[in-house]
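The block underneath contains the structure these notes are about, expressed in C-alpha cells.
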Amino acid sequence: MTAFLNTVILLGALQGLILCILLFRRTVNKRSNRMLAFLILLMSMASLNLYCIHNHMLESNHILRFISWVVPLIIIMPMGPLIYFYIQSMLNPSFRLARRHRLQFLPGIIDIVPQLTTIIFLTGIYMKVIKYDPEPWGLFIDRYNMYSDIPRWLSLTIYVLLAFKFLRKEKTTAGNTDKEAIRKWLQLFITIFLAFQLIWFIYLIPYIHPAYSDWLLNKFDWYPIYIPIAIMIYWLGLKGYFISLAVNTEKAKKTISRVTKEGSTQIMSLLQKSMEDDKLYLNPELNLEAVAKHTGVVAKMISTVLNQHQQTSFSEWVNAYRIGEFKLRIRNGCLEQLTISALAMECGFNSQATFQRIFKQSEGVTPSAYLKTIGSNN
C-alpha cells in the first residue's frame, strides 16, 4: 500500500512539472497562466521532496544530501498570493503585479529558515567560529518545521478567503459567456482549495501537539495531505490549461470577427506609429508576435487588418518601410560611407539576397539599377 501511495505522489509531481511547462509556454494570457504554473510547481516540488525522503534518494550520495540541506523544496507561503493574484488576472486581463503586490511574497522567507540555519551552521564550522555539535541545530530545525506549518496554513487560508471574497464581488456582464465560464472555473478552483485547507486543518491540530505528533506520523505519515495534493496538481493543472486554451481561442475568434472599419483604422494608427515613430522595422528579427506585444493588439487581429483592409501581408508591410528607409538614406547621402549591403542591413534586412529580391519586387529594378537612375536624374 505504501509503495502505491508513493507512486501516486511521484506521478502527481511529474505531471505537475509537465503542466508547468505547458502553462508557461502559453503565449496568450501569460500572467495568469504563469501564476498557475508557479503554483503547481510549488505543489510538485513538495510532493517530489516527500517521495525522495520515503525512498531515501536524498541520502544516496553526498551531493544529493548536501542539496537537500541547502535547497528548499517545500515552499508554501507564496502559494496564497499566487492564488489571489491568479483569480484577479483571470477576471481582469490588464492586471499587473505592482510593487505592493510583490511585497506580499516576502513572507516566503519563513519557508527557507531551515536552509538558512544549515548554511549558517556549515559556514560557521568551515570558518571555525561554531563548534561542531549538530544536535541542537537539528532539533531547532525539526521544531521549526513543525510549527512553521501554522503560519503557512493561516497565510494560505487567508488568501483563499480573500480570493473567494473578490470573486463574489466581481460581476459578470450579461451575455458574456467567456467571463461566465471563467467565473465557474474560478469558483471550483477556490472550492477545492477551501476543501484542502479543511483537510490540512484536521491534520494540523494533532500534528503540532507534541503528545500526538509522533503517533500521527507513524500511523498515517504525510499521505492524508499529499495524496490530495497529487490529485489537485493533476486536476487543477489540466483544467486550468484547457479552460485558458478554450476561452482565449474563442475570444480571439470573436474579436477578429468583430473588426469594423473604425476598429481597423484605430489598429492601423497603432501599427503605423510603431513603424513611423518607434521604427520597429529596423530590427532584423522583427516578427508578428513582437509587434503584437509592442502595440497590445492581438497578433491574429494585426494579420486580419493588414490582409482584409490593406490587402498586404505582415512581411510585405514591414519590408515596405524598410525599402522606404533605404531610399531615404540614399537621398541623404549615406552611400558615401556605406556599401549597399551594409546600408540594407541598417534598414532592417537580415541578408543581401533577401534585400535584392524584395527591392526588385517593390521597385521593379535591382538596387544597382535604381542607383544609376538616381544618379542620372541628378
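Quick look at the numbers
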| read-out | value |
| --- | --- |
| Top-ranked residue in the stretch 51-81 [being within 21 Å of residue 107 (Cα to Cα) and assigned to a helix (DSSP H, G or I); ranked as most open to solvent (accessible area, probe 1.4 Å)] | 69 |
| Boolean, residue 156 is under 22 Å from the mean Cα position of the chain (by Cα), open to solvent by less than 70 Å² (accessible area, probe 1.4 Å) and at pLDDT 90 or above | yes |
| Scope the stretch 295-324; condition open to solvent by 60 Å² or more (accessible area, probe 1.4 Å), more than 30 Å from residue 370 (Cβ to Cβ) and either free of Cβ contacts under 8 Å to residues at least 12 places away in the same chain or not aliphatic (A, V, I, L, M) (or both); matching residues | 296, 300, 308 |
| Residue 292 being under 21 Å from residue 269 (Cβ atoms), surrounded by 16 or more Cβ atoms within 10 Å (Cβ to Cβ), touching a helix residue (DSSP H, G or I) at 6+ places or on another chain (Cβ under 8 Å) and without any contact (Cβ under 8 Å) to a residue 40 or more places away in the chain | yes |
| The stretch 93-121 residues that are without any contact (Cβ under 8 Å) to a residue 12 or more places away in the chain, paired with ones that are open to solvent by 30 Å² or more (accessible area, probe 1.4 Å) and outside any helix (DSSP H, G or I) (beta carbon under 7 Å, 6 or more apart) | none |
| Odd one out for residue 200, checked against (1) under 18 Å from residue 80 (Cα atoms); (2) at pLDDT below 90 | (2) |
| Those residues of the stretch 87-110 which are in a loop (DSSP other than H, G, I, E, B) and open to solvent by 30 Å² or more (accessible area, probe 1.4 Å), in sequence order | 92, 93, 94, 96, 97, 98 |
| Residue satisfying all of: in the stretch 183-242; of a type in the set (Gly, Ala, Ser) and open to solvent by less than 30 Å² (accessible area, probe 1.4 Å); farthest from the chain's Cα centre (by Cα) among these | 213 |
| Search result, residues across the stretch 252-272 that are at pLDDT 85 or above and in contact with a helix residue (DSSP H, G or I) (Cβ under 8 Å, 6 or more places away or on another chain) | 267, 268, 270, 271 |
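The values are calculated or read from the model by the stated rules, or taken from the named source; none is laboratory data. The model shown is predicted, which means the values in this text are computed figures rather than measured ones. Glycine also receives a Cβ, built like all others from the backbone with ideal geometry; neighbour counts cover every protein chain displayed. Surface accessibility is based on the protein's heavy atoms, side chains included, excluding ligands, DNA and RNA. Shrake-Rupley method; radii C 1.70, N 1.55, O 1.52, S 1.80 Å.
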